[in-house]
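> I am attaching a structure below and will ask some questions about it afterwards.
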């Protein structure tokens, strides 16, 4: 008489949604890593956001992924919502087309949801960004440092490499299409998931490599119009009390100093003594981010850390500029409408 086999609960089915727009160069790396990480009951869906002159169907097919092409460009939020609508998994994972997951990432995402009250989780970039330039290294390492030094439990979400239960996604009504061409739709979704009294966790060893190459103009444009302004609009539609990731109290102080810094420098043309408060603002920005500079010194050396200081000053200036732009947009009746 054979022994009865123990009851083994199968891993939850997982659908990985990869929105792609003109991502022909990065997508093969992304899909190859996902397929290699694999596991049972895995579905990968590439959502082509109406990329002009590109057909990524062959790339998707070569890696065993389903392919969905949108008729018109709707932005990441619309693309991800479309991917979810076409998916079947109990768990939904979002991975950007320019991200390459580390081995074990999908298993770590699945394992996180053994905690019943967990609605979503996300990881971070690794320490080896693919693009070699200083700006690309600096930006991706800053993103990593923010995630790695944040509390484990947060009220926000990240779609570079993040997962959510289908139930939580549906209860929160998915990504907000109003933010699709602005950005920060993942942050706003996280807030709404948290409003459902569901937990969101950062899984700090759930890593991916980021392949994005940053330019100075692209960084400024992104930080103002695709990060700062939409994030401020989100906060103004709420009570603004969130303190997660880039908007903790140190970042807010650094942003205030970043706004005053250039104004005080200009004032030196007519009042030289304003150089003193300008220097103080510069010092405050350094002190508020001292942990980041120590981190850079440790992994990239002192020269790299020194080069990052003016880059961070520019970052916080962009954050400061975003505030009046967002307020003006809201006053013109172009704020976020309730969902």
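Bear in mind these aren't lab numbers, they're just calculated from the coordinates by the rules spelled out. Just so you know, these numbers come straight off a predicted model, no measurement behind them. When we count neighbours, we look across all protein chains shown, and the Cβ atoms used for this are built from the backbone with ideal geometry, even at glycine.
> Mind pulling up the Rg/Rh value for segment 215-339? Radius of gyration and Kirkwood radius, both on Cα.
Values: Rg = 16.0 Å, Rh = 15.7 Å.
In segment 215-339, Rg relative to Rh is 1.02.
> Please find the FRET efficiency linking residue 297 to residue 215, where r is the Cβ-Cβ separation and R0 is fixed at 22 Å, and quote it to the nearest 0.05. It would help to have the intermediate numbers written out before the result.
Numbers: r = 25 Å, r/R0 = 1.13.
For R0 = 22 Å, the calculated efficiency reads 0.30.
> Can you sort 134, 261 by how many other beta carbons sit within 10 Å, fewest first? Please report the intermediate quantities before stating the final value.
Details: 134 14, 261 22.
Fewest to most other Cβ atoms nearby, the residues stand as 134, 261.
> Let me ask something additional. Could you order the peptides 87-100, 205-218 from most to least packed, using the average number of other C-beta atoms within 10 Å per residue? Please report the intermediate quantities before stating the final value.
Details: 87-100: 22.8, 205-218: 17.4.
Put in order of decreasing packing, that is 87-100, 205-218.
> Arranged by the count of other C-beta atoms within 10 angstrom, fewest first, what order do 136, 51 take? Write out the running numbers ahead of the final one.
Details: 136 19, 51 16.
Going from least to most buried by this count: 51, 136.
> Let me ask something additional. Relative to the longest principal axis of the C-alpha atoms of the chain, give the angle of the C-alpha long axis of helix 76-85, reported between 0 and 90° and rounded to the nearest 10°.
20 degrees
> Could you tell me whether segment 33-128 comes out rounded, prolate or oblate from its Cα gyration tensor? Rule is a ≥ b ≥ c as square roots of the eigenvalues, rounded for a/c under 1.5, then prolate if a/b exceeds b/c, otherwise oblate.
On the way: a/c = 1.77, a/b = 1.52, b/c = 1.16.
It comes out prolate by the Cα gyration axes.
> Sticking with this one: With runs of 4+ DSSP H residues as the only contributors, calculate the mean residue ellipticity of the chain at 222 nm using -39,500 (n - 2.57) per run, divided by the residue total and rounded to the nearest 500.
Numbers: 13 runs with 155 residues, N = 339.
Mean residue ellipticity at 222 nm (helix-derived): -14000 deg cm²/dmol.
> I want the antiparallel fraction of DSSP beta bridges within the chain, as a percent rounded to 5. Present the calculation step by step, with values, prior to reporting the outcome.
Working: 13 of 34 bridges.
Looking only at bridges with both residues in the chain, the antiparallel portion is about 40 percent.
> Please order 101, 16, 270 by the number of other Cβ within 10 Å, starting at the fewest. Walk me through the intermediate numbers first.
On the way: 101 25, 16 28, 270 7.
Arranged by neighbour count, lowest to highest, 101, 16, 270 become 270, 101, 16.
> Another question about this same structure. For the chain, take the longest principal axis of its alpha carbons; what is the angle in degrees between that and the long axis of helix 290-300, to the nearest 10 within 0 to 90?
That works out to roughly 60 degrees.
> Please report the antiparallel percentage of DSSP beta bridges with both residues in segment 43-170, rounded to the nearest 5. Write out the running numbers ahead of the final one.
On the way: 8 of 12 bridges.
Just about 65 percent of them are antiparallel.
> Further question: What order, most packed first, do the peptides 318-324, 249-255 have when packing is the mean number of other Cβ atoms within 10 Å of each residue?
Details: 318-324: 19.4, 249-255: 17.6.
The packing order, highest mean first, is 318-324, 249-255.
> A further question on this structure: Label points 7 Å out from Cα along the Cβ direction at residue 148 and residue 73: separation in nm?
For the pair residue 148/residue 73, the computed spacing is 3.5 nm.
> What angle do you read, to the nearest 10 degrees and between 0 and 90, between the alpha-carbon axis of helix 275-288 and the longest principal axis of the chain?
Tilt relative to the chain: about 20 degrees.
> OK, next. Label-point separation (nm) for residue 267 and residue 238, each offset 7 Å from Cα along Cα-to-Cβ?
3.3 nm
> Sticking with this structure for a sec: How high is the FRET efficiency from residue 55 to residue 131, r the C-beta distance, R0 35 Å, rounded to 0.05? Could you put the intermediate results ahead of the total?
Values: r = 25 Å, r/R0 = 0.73.
After rounding, the FRET efficiency stands at 0.85.
> Below 8 Å, C-alpha to C-alpha, sequence gap of six or more: please give me the relative contact order for segment 14-213 in percent. Display every interim value, and only then the final one.
Values: 434 pairs, mean separation 53.8, N = 200.
Across segment 14-213, relative contact order equals 27 percent.
> State the extension gain, in nm to one decimal, for the chain segment bounded by residue 115 and residue 62, taking 0.36 nm per residue of separation less the distance between their alpha-carbons. Before the final figure, lay out each step's value.
Numbers: separation 53, 0.36 × 53 = 19.08 nm, distance 3.51 nm.
15.6 nm is the gain from fully extending residue 115 to residue 62.
> Oh, and also: Put a dot 7 Å past each Cα toward the Cβ at residue 86 and residue 41; how far apart are the dots in nm?
According to this spin-label approximation, the distance is 2.3 nm.
> What percent does the relative contact order of the chain come to when contacts are Cα pairs within less than 8 Å and at least six residues apart? Walk me through the numbers on the way to the answer.
Details: 588 pairs, mean separation 54.7, N = 339.
Computed value for the chain: 16 percent relative contact order.
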